[in-house]
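Q: My structure is below; once you've seen it, I'll send some questions.
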Amino acid sequence: MELEQLRQLEAIEREGTMSAAARELHLSQPALSRSLGRLESELGQPLFDRMGRRLVLNEAGRVALEHVHQILRTERAMREALGDVARRTRALRVGTVAPAPLWRLTALMTERFPGQVLTSQMLADSEVETGVVNGDLDLGISLRPLALPMVRSSRLMVENLSVVLPSGHALAGRQSLNAAELDGETFLILKDIGFWRQVCDRCFPHSELVVQEDPGVFKELTRSSSLSYFVTDAPSFADFSSSLSDRAVVPIRDTVAHVTFYLLVRSGGRQEAIDLFDWASGR
């Protein structure tokens, strides 16, 4: 069960239809439907009665939603408390939509400001932007530059997605593939991959995603199992895509597989954040 699924449950109840909730959450309707299905499967019972296009909470759904509200209130309180700790310790608060650009920013910070510390959260794109604007975040890593006078934006890095297939797979000899050709495969994926999980849900609606929470277990399964998985050209994925005799790394052509990340900082924010932004922007 993921916090994002709980936020989705709130949105569906609030909006009344899957399509309206999907628009609010900036998701495709099939991706949201799949996510709700996983949640209902994990909880062992349906949470909504389907009445035409509308979804109405049943008794189990109403009980679940009471706990969802409590969990999300606790999560917000935790973030506020961590924000207070960060302010006291002078750690920079960073919100990011994916892990690789955070690793890139951390490496740049260590190179120029070795004594500085980051605290980070994986957030949706809209949450990153809001956090930078209202000052809850010192820096944000987003999928687009933010065209507001109080925010500065700079390109941080580009990340390109590939699929790793067993060497005997029918598609292993291809120079590149599109998502439609891979849809229906079973993929091993790591849980905390930020917005890339939404990309998987949207691009591979007929695939089974075998999710691993522990990076060590995930890494071991990439070596010992025959499951396909995804890597990018981010340096931190080198261990997963290095020359393995029984694997083929094939780039994915779709536009959504090629992502530019942007670093955001609020003008007039903490000087440490502005200094790191300026250093990263020049690299």
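A short reminder: the numbers here are calculations on the coordinates, not readings from a lab. These numbers were taken from a predicted model, which means no experiment stands behind them. Positions of Cβ are backbone-derived with ideal geometry, glycine not excepted, and every protein chain shown enters the neighbour counts.
Q: When the residues of the stretch 45-96 are filtered to those that are hydroxyl-bearing (Ser, Thr, Tyr) and closer than 18 Å to Glu127 by Cα, which remaining residue is surrounded by the fewest Cβ atoms within 10 Å (Cβ to Cβ)? Write out each step before concluding.
A: Of the residues in the stretch 45-96, the ones hydroxyl-bearing (Ser, Thr, Tyr) are 74, 89, 96.
Still in the running and closer than 18 Å to Glu127 by Cα: 74, 96.
Values: Thr74: 10, Thr96: 26.
This residue is Thr74.
Q: For the stretch 219-232, give me the residue count where each residue is exposed (fewer than 15 other Cβ atoms within 10 Å of the Cβ) and either among the aromatic types (Phe, Trp, Tyr) or not in a helix (DSSP H, G or I) (or both).
A: 2
Q: Here's a follow-up. Mind counting the residues in the stretch 147-179 that are surrounded by fewer than 18 Cβ atoms within 10 Å (Cβ to Cβ), among the aliphatic types (A, V, I, L, M) and within 21 Å of the chain's Cα centre (by Cα)?
A: Result for the stretch 147-179: 1.
Q: When Pro215 is evaluated against the numbered criteria (1) surrounded by fewer than 13 Cβ atoms within 10 Å (Cβ to Cβ); (2) free of Cβ contacts under 8 Å to residues at least 24 places away in the same chain; (3) closer than 25 Å to Gln5 by Cα, which criterion, by number, is the only one it fails?
A: In the conditions (1) surrounded by fewer than 13 Cβ atoms within 10 Å (Cβ to Cβ); (2) free of Cβ contacts under 8 Å to residues at least 24 places away in the same chain; (3) closer than 25 Å to Gln5 by Cα, Pro215 misses (2) alone.
Q: Run Gln175 past the list (1) more than 27 Å from Ser142 (Cα to Cα); (2) touching a strand residue (DSSP E or B) at 6+ places or on another chain (Cβ under 7 Å); (3) not in a strand (DSSP E or B); (4) not charged (D, E, K, R) and report the number of the one that doesn't hold.
A: Just one mismatch for Gln175, condition (2).
Q: Only one of these conditions is not met by Arg112: (1) touching a strand residue (DSSP E or B) at 6+ places or on another chain (Cβ under 9 Å); (2) touching a residue at least 12 places away in the same chain (Cβ under 8 Å); (3) of a type in the set (Lys, Arg). Which number is it?
A: Every condition holds for Arg112 apart from (1).
Q: Starting from residues that are among the aliphatic types (A, V, I, L, M) and in a helix (DSSP H, G or I), keep the ones in the stretch 192-218 and report whichever is nearest to Tyr262 (Cα to Cα).
A: Initially, the stretch 192-218 is screened for residues among the aliphatic types (A, V, I, L, M), giving 193, 199, 209-211, 217.
If we keep only those that are in a helix (DSSP H, G or I) too, we end up with 199, 217.
Values: Val199: 18, Val217: 31 Å.
Among residues in the stretch 192-218 that are among the aliphatic types (A, V, I, L, M) and in a helix (DSSP H, G or I), the one nearest to Tyr262 (Cα to Cα) is Val199.
Q: Considering only residues that are among the hydrophobic types (A, V, I, L, M, F, W, C), under 16 Å from Ala280 (Cα atoms) and out of contact with any Asp or Glu (no Cβ under 8 Å at 6 or more places or on another chain), which ones fall in the stretch 90-124? Walk me through how you get there before you give the answer.
A: Step one: list which residues in the stretch 90-124 are among the hydrophobic types (A, V, I, L, M, F, W, C), which gives 91-92, 94, 97-98, 100, 102-103, 105, 107-109, 113, 117-118, 122-124.
This time we only want the ones that are under 16 Å from Ala280 (Cα atoms), so: 92, 94, 100, 102-103, 105, 107-109, 113, 117-118.
Listed by number, the residues that qualify are Leu102, Trp103, Leu105, Ala107, Leu108, Met109, Val117, Leu118.
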